[in-house]
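Below: the structure, in structure tokens.
Bear in mind these aren't lab numbers, they're just calculated from the coordinates by the rules spelled out. All values reported here derive from a predicted model rather than from experimental measurement. Methodologically, a virtual Cβ is constructed for each residue, glycine included, from the backbone with ideal geometry; neighbour enumeration extends over all protein chains shown.
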Number of protein chains: 2
Amino acid sequence: MKKGNMLIAQSGGPSMVINQSLVGAVLAARDNKAVGKIYGALHGIQGILDEQFIDLKKESRTTLEAVANTPSSALGSVRRKPTHEDCQAIFRVLRKLEIRYFFYIGGNDSAETVHIINEEAVKEEYGICCFHIPKTIDNDLRENDHTPGYGSAARFVACAVKGDDLDNRALGGVKIDVIMGRNAGFLTAAAALGRVEKDDGPHLVYLPERPFSVDGFVADVKAAMKKFGRCVVAVSEGIADKDGTPIIAKFTQETDSHGNVQLSGTGALGDLLAKVVKEQAGIKRVRADTFGYLQRSFPGIASPADAMEARLAGVAAVQAAVNDEVSSGSVAIKRKATKKYGVDFVVVPLRAVAKETRHMPDAFINKAGNDVTQAFIDYARPLVGGLPPCARFAQLRA
Amino acid sequence: MKKGNMLIAQSGGPSMVINQSLVGAVLAARDNKAVGKIYGALHGIQGILDEQFIDLKKESRTTLEAVANTPSSALGSVRRKPTHEDCQAIFRVLRKLEIRYFFYIGGNDSAETVHIINEEAVKEEYGICCFHIPKTIDNDLRENDHTPGYGSAARFVACAVKGDDLDNRALGGVKIDVIMGRNAGFLTAAAALGRVEKDDGPHLVYLPERPFSVDGFVADVKAAMKKFGRCVVAVSEGIADKDGTPIIAKFTQETDSHGNVQLSGTGALGDLLAKVVKEQAGIKRVRADTFGYLQRSFPGIASPADAMEARLAGVAAVQAAVNDEVSSGSVAIKRKATKKYGVDFVVVPLRAVAKETRHMPDAFINKAGNDVTQAFIDYARPLVGGLPPCARFAQLRA
């Protein structure tokens, strides 16, 4: 067991339960004799470079528990991929603080950051444990059955579309809901979790895993209108044409330092799709909403299972680090093979989750590429939990 | 006491608690000997014209209670202003069904519909009680301290902006949230209800009650960025320039049958404002979300006070109708002058609430026209209820 100080930070897009992981790690470390001081860096590696730290041993248990239940990254976040020079600067600071344990909570880009820092540390022969704690509402980390943050965001999406479907039922027409998800459709797919009756929406679900054709979309909407007299569409912000070009990329150019095109924080895709339906399907009442950042930060509706697993992922990272079996890795969630839902936390190599992402398995997408399958529903239900009950009249004709 | 059958319907935009009013009225009527059959018309007056009715006496108490807790209009809705010919057709149907009690749940346009039908019925000497039951998330009905539907939508907005403010705190930059409200800023103002600490957002609040100037907006954002290092803006979809032209009207032309321009179901205003901030304030990270229909239909987060008052508004309408003191009117909510929050339900003439709307009082808006006052917070807090607690670290520097 390596004795030394610990540094923890958060990176990438916030989630509703990312602070559960932070607090899980902090409390586990506070209980462990191998860990001395616990530094929280503000705004990820930017806070290390700028030497902006808070003392997480001085935070009260009450504050920690309250923060755990608060959405968004309590330490602040950043989107920054470290260069070789950044790593040199980071190590100067970490050595000065005698950091032997480094934990970074985030998605695939954050895992890449930890991987880069770990590789550079190995080269430098700087004995530091580098661990990645998983977080992404996109649910697209490799090696994981699912990822902390997903269940709660999926719960928001399922609730939102369930309510929106009732809204559409009252006033008719076509409603298009644009949902987060750059390359993976898991979050958009969650829109289907609110369905109870056969005519409940969403009637169409478009995922980045299947090429999006405007003609096919218009034909699908027309068919749904004929069948249901109305149509609710759940569509991923990341839908792309058959050449892999994101539909939204035709309208925006902004990219982050990892080279990703900005998809969220704009209503352009929804407005484009609504215009297409109005013009090409000749439907008068067409509305589009883009759920945006609410999906990852809405307070008070976190999935209980997701919150618990996020907490345990933080605990598992600290346990793995102090156990001394491996000096780096990423905590991954594996689903137990039992009938009753349960998970195991394992440690996988950083390179196994860094950078590249995973997609929805084919078994979760219907043949036509415009809906999810029951296999997806069965997969996602325990992650999201029960939804608020909604009812309709028996509608006995008078 | 007039003996006869009853017809009830819902109209205009749905809300999270409009079914509470419906169920309140139905249960009150079921208990009353003056009322025979209870017809529910599907999709408002359209359902009367099309003779699409369900028997609300045949719905079980369990179903009624479950529907009461379900967002959106369970009978379906419509936006249709009746013509003289429509009224003639409506009366033919109502006479055939021996309807003596007509209840219509909705906002100012719906009140206008009831007013028109009532005036025509008086001319025709058709003895029917016509009552309007208030509903609007915009909170803009005259004669009312506040309106059923507002508290729950305001709760959604307050939660959403509270979470979004935490999100912005993590990643920085400018975040613009576009909130429903055609002419009244009450719903946008609710964004301020989540503030606890002095630096909590929203840092700027723009309401339709004050002329919106792009230059003033950009200057405000720059000042907030200087003060807080980040900026969250809550802006009403209905903001208009000094000539009263809605900013969004420059981008869309669609109108409904009451002559209202479509404001919701598009992200255009948010995208426009984001573009302006990027270009004129030179800020790189600017995002905009348009909350859209989620504000009125999200399940599971209704304000308890709002749900109860919506229920009682339905009960009050039936009681007023069978009491025989007036044969028409609109139920209005008056706040008690007591220190402890409480309300009275009174009946006001239909013309007093029909068509025209009310606005935020001056006392609720700050002098600069870019925020709300404490008077608004005190007014709105009991309508919305307590929000999910959010916490931050003490941030003791290490």
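Of all the options A:VAL318, A:VAL353, A:VAL286, the one that moves most in a Gaussian network model of chain A with Cα springs shorter than 10 angstrom is A:VAL286.
Applying the criteria of a DSSP loop state and at most 10 other Cβ atoms within 10 Å to the trypsin sites (Lys or Arg not before Pro) of the stretch B:289-352 yields B:LYS339, B:LYS340. Just checking the listed ones, B:ASP289, B:ASP199, B:ASP306: in the Gaussian network model of chain B with Cα springs under 10 Å, the one fluctuating most is B:ASP199. Largest first and in whole Å, the equivalent-ellipsoid semi-axes of the protein assembly as shown read 49, 27, 24, each the square root of five times a Cα gyration tensor eigenvalue. Think of each Lys and Arg Cβ as +1 and each Asp and Glu Cβ as -1; about the Cα centre, that makes the dipole of the stretch A:120-234 roughly 620 debye. If you take all other residues with their beta carbon under 10 Å from the beta carbon of A:PHE291, and give Lys and Arg +1 and Asp and Glu -1, the sum is -4. Straight Cα distances below 16 angstrom link A:LYS284 to the lysines A:LYS175, A:LYS222, A:LYS226, A:LYS275, with same-chain residues fewer than 8 positions distant left out. Rounded if a/c is under 1.5, else prolate if a/b beats b/c, else oblate: with a ≥ b ≥ c from the C-alpha gyration tensor eigenvalues square-rooted, which is the stretch A:177-217? It comes out oblate by the Cα gyration axes. Annotation for the stretch A:112-209: trypsin sites (Lys or Arg not before Pro) lying in DSSP loop with at most 14 further Cβ atoms inside 10 Å of their Cβ are A:LYS198. Each helix, a run of at least 4 DSSP H residues, gives -39500 (n - 2.57); summed and divided by the residues of chain A, these come to -11500 deg cm²/dmol at 222 nm. Just to confirm the numbers: A:GLU85, label point 7 angstrom along the Cα-Cβ line, distances to the other copies in nm, shortest first? Label point to label point, same position, other copies: 7.6 nm.
Basic side chains Lys and Arg get +1 at the Cβ, acidic Asp and Glu get -1 at the Cβ, and with that the dipole of chain B about its Cα centre reaches some 1060 debye. Treating r as the C-beta distance of A:ASP324 and A:HIS84 and R0 as 30 Å, the FRET efficiency rounds to 0.60. Take every pair of alpha-carbon atoms less than 8 Å apart whose residues are at least six positions apart; their mean separation over the length of the stretch A:278-398 yields a relative contact order of 19 percent.
Across chain B, C-alpha contacts under 8 Å between residues 6 or more apart give a mean separation that, scaled by the residue count, equals a relative contact order of 22 percent.
The count of lysine pairs in the stretch A:1-101 that are at least 8 places apart or cross chains, and whose C-alpha atoms lie under 12 Å apart, stands at 5. Seen from B:SER330, the other residues with C-beta closer than 10 Å to its C-beta sum to a net charge of +1, counting Lys and Arg as +1 and Asp and Glu as -1. Here the label points at A:ARG397 and A:ALA219, each 7 Å from Cα along the C-beta direction, are separated by 3.5 nm in the simple model.
Can you list, bin by bin at 10 Å, the percent of alpha carbon pairs in chain B, starting at 0? Per 10 Å bin, starting at zero, the Cα-Cα P(r) for chain B comes out as 5, 24, 30, 22, 13, 5, 1, 0, 0 percent. Percent of alpha carbon pairs in the stretch A:312-361 separated by more than 14 Å? Here the tail beyond 14 Å accounts for 60 percent of pairs.
Note on A:LYS334: lysines with a C-alpha under 23 Å away, same-chain residues under 8 apart excluded, are A:LYS135, A:LYS355. Distance from the B-onto-A rotation axis is smallest for the Cβ of the chain B residue given, in whole Å, as B:GLY267, 1. On the beta carbon distance between A:LEU387 and A:LYS284, with R0 = 22 Å, the FRET formula returns roughly 0.10. With the label put 7 angstrom out from Cα along the Cα-to-Cβ vector, A:GLU119 ends up 7.6 nm from the copy partners, going from closest to farthest. This model, with +1 at the C-beta of Lys and Arg and -1 at the C-beta of Asp and Glu, gives the stretch B:33-179 a dipole about its Cα centre of some 480 debye.
Counting only other residues whose beta carbon sits under 9 Å from that of B:VAL178, what net charge do I get with K and R as +1, D and E as -1?
On the way: positive: none; negative: B:ASP177, B:GLU237, B:ASP289.
Net local charge, B:VAL178 excluded: -3.
Starting from 0.36 nm per residue, how many nanometres of slack lie between A:THR245 and A:LYS227 once their C-alpha separation is accounted for?
Length gained, A:THR245 through A:LYS227: 3.3 nm.
Distances between copies of A:LYS340, taken at a point 7 Å out from Cα along the Cα→Cβ vector and listed shortest first: 4.6 nm.
Over every pair of different alpha-carbon atoms in the stretch B:255-398, take the mean of 1/r and invert it; report that Kirkwood radius in Å.
One decimal place: 20.1 Å for the Kirkwood radius.
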